[in-house]
Each structure stands twice: as structure tokens, then as C-alpha cells.
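The values are calculated or read from the model by the stated rules, or taken from the named source; none is laboratory data. Predicted model only: the values in this text are computed from it and were never measured. Positions of Cβ are generated from backbone atoms using ideal geometry, with glycine treated the same way; all protein chains shown enter the neighbour counts. Keep in mind that these areas ignore ligands, DNA and RNA; they rest on the heavy atoms of the full protein, side chains included. Shrake-Rupley method; radii C 1.70, N 1.55, O 1.52, S 1.80 Å.
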Amino acid sequence: MSATRLLVLGVVRGYGRAHGYLVGNDLLSWGADEWANVKWGSIYHALKQLTKEGCLRDDLVPPGRTDYELTDKGETEYLELLRDSVRRPELRPDMLGAGLAMLPSLTRDEAVGLFRQRLGELEAKRDSAGALGRSWERPPHVKELFGLWEHSAASGVEWTRGMIERLEGGAYPMMGEPGSPGPAGSWHGPAPA
């Protein structure tokens, strides 16, 4: 999965229609260049690739700007990437970061359900790594790798439990709730804060 792909689709979706500079300006203002390795070149590459794949529709606007809109295929791709980014723990944090940036596209109940799936996977990874570390014999230094995996998964378990609690407690306006960024095409002006 690509964090850039998810983020580009999400920003275009949010505005309903957006040009490359608007998409890039939003993402870079969010610091996505740091936490998701998003760069101007990767943004424009994603826009072109997503258009080629039929996820975006492009429209040349005089005097030479290209605007993009999400297609039905793009909506499906966006929601699939978003859901996967929340439910699937990965070693690289960029997908989770992208998922968190677009989280209000989901209802509260769906987000909680996806984080519960994530929690189950993280608990299984933690337990598996712990069992491997306890049973490992040779070479002995490889036990450190299993210890690192166990510790990382345990940290993810703790954070995910907290996220579930925050969501269940009403934190963050989610899709359909007052103050949420709203449905596709509802963003106006500069990026939502």
C-alpha cells in the first residue's frame, strides 16, 4: 500500500475537485513529507497514475492547470486503502499516519471496529514474537530481533487500546457528526485544521 496514494485520493475526495498544487500544499502543510515521505514528485506521479488507472478523472482548466475528481472506482480504492491502513499493523508507520489523517471519512463505529481488528493482529504478533524469543536457541543474538518485535507490538497494543477508548469516548468529529470534515466534496478553501 502507498501512503501517498491514500493521501492524494483523500485530499481530492475532500475537495471534490482539486489541482495538484492544492493537493501538495495541503499534504505538505500537514507535515506529510516527514511522516509519510510525501514529496512533490510523488504527489504528481500519484495523480497521473491514479488517473491512468481510472481512479481519478482529469480536466484541463485554462490557462494550463489540471483539476482532478474522484471516480466511483477512486472512491472504492480510497475507502479500501483507508480501512486497510487502520486495521492492518505494518512496520512502517506511514500508512497508519495516512489513515489517521483521513480517519474522519469513516463513521465512529466503523473506525472503532477497524481499530479492534488492528488490536487483535497486534496482540497476536506480540504473543508470537514472545513465544519465538523464549524458544530460540541459536544463534543467541537473534533473540533480540524477536524481543524488538514483541516490544513494538506491545507498544502498538497499548496505543491502539487508547485510540479505541478515545474514539468510544467521543474524541474527534467523525463522518456524519457535527464538526466533521464532512462527506466527499465538502472541503472549501485552505486545508481543514
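Quick notes
- The C-beta contact set for region 85-98 (first residue at pLDDT 90 or above and hydroxyl-bearing (S, T, Y), second residue in a loop (DSSP other than H, G, I, E, B) and surrounded by 20 or more Cβ atoms within 10 Å (Cβ to Cβ), distance under 9 angstrom, 6+ apart or interchain) comprises S85/M102.
- Residue check for W30: under 27 Å from G170 (Cα atoms) and open to solvent by 60 Å² or more (accessible area, probe 1.4 Å): yes
- Every residue from region 160-169 that is touching a helix residue (DSSP H, G or I) at 6+ places or on another chain (Cβ under 9 Å) and either farther than 12 Å from A111 by Cα or open to solvent by 30 Å² or more (accessible area, probe 1.4 Å) (or both): R161, E168
- Some residue of region 170-179 being open to solvent by 80 Å² or more (accessible area, probe 1.4 Å) and in contact (Cβ under 8 Å) with a residue 60 or more places away in the chain: yes
- Residue in region 60-77 that is surrounded by fewer than 18 Cβ atoms within 10 Å (Cβ to Cβ), under 18 Å from G20 (Cβ atoms) and of a type in the set (A, V, I, L, M, F, W, C) present: yes
- Filter result for L47 (touching a residue at least 24 places away in the same chain (Cβ under 8 Å) and surrounded by 15 or more Cβ atoms within 10 Å (Cβ to Cβ)): yes
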